[in-house]
1. Collect the residues in the stretch 15-30 that are within 16 Å of the ligand (Cβ to nearest atom) and surrounded by 13 or more Cβ atoms within 10 Å (Cβ to Cβ), keeping them in residue-number order.
2. R75 versus (1) among the charged types (D, E, K, R); (2) surrounded by fewer than 19 Cβ atoms within 10 Å (Cβ to Cβ); (3) under 27 Å from D42 (Cβ atoms): which is the lone unmet condition?
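Here, each number is a calculation from the coordinates, and none is a lab measurement. This structure is a prediction, so every number in the text was calculated from the model and none was measured. Heads up, the Cβs are rebuilt from the backbone with ideal geometry, glycines too, and the neighbour counts pull from every protein chain shown.
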Amino acid sequence: MGGGEAMTKSDEQLIAAAREAAERSYSPYSGYAVGAAMRFADGSVVTGTNVENASYGLALCAETVAVGRAMAEGRRGGLEAVAVVGPSDKGGGEPITPCGRCRQVLNELAQLGNTDPEILCVGTVRVERVRLSVLLPHAFGPAALD
Ligand code: THU
């Protein structure tokens, strides 16, 4: 656990939701199942999992699928926390961090609601908690187009 902070019940629930989403991963090419779960200000949770394609480069990451789902539901802000879970037997158990594209995709939804969500990067050895603005400093977002 980064920073030695205690994990709250809602963080544990968010991580559990991400794990459950990873069970529905469609990742026959990489064999790398990822789950993402996003918590909103109203307490609701939206999940996503990675969706690969026979044309390998078209793979969609779990976080991007989650943002797509949330926005398709009409959400335009309120993003408070995101848990990301990868396979426990890869990467030496180190926490998984969202890829660069997903950071940008998450930033869109975050900036729309003026939040800086905490990203719970889950590993087997620890959970690293880091703000999106730390993962993606000086982000380009919707405000730039105003
Ligand atoms: N992947 C995610 O779903 N999220 C990430 O943040 C990193 C990578 C997926 C993409 C691909 O399906 C598999 O993991 C291996 O890269």
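1. Start the filter on the stretch 15-30 by keeping residues that are within 16 Å of the ligand (Cβ to nearest atom), which leaves 15, 17-30.
Across the stretch 15-30, the qualifying residues are I15, A17, A18, R19, E20, A21, A22, R24, S25, Y26, S27, S30.
2. (2)
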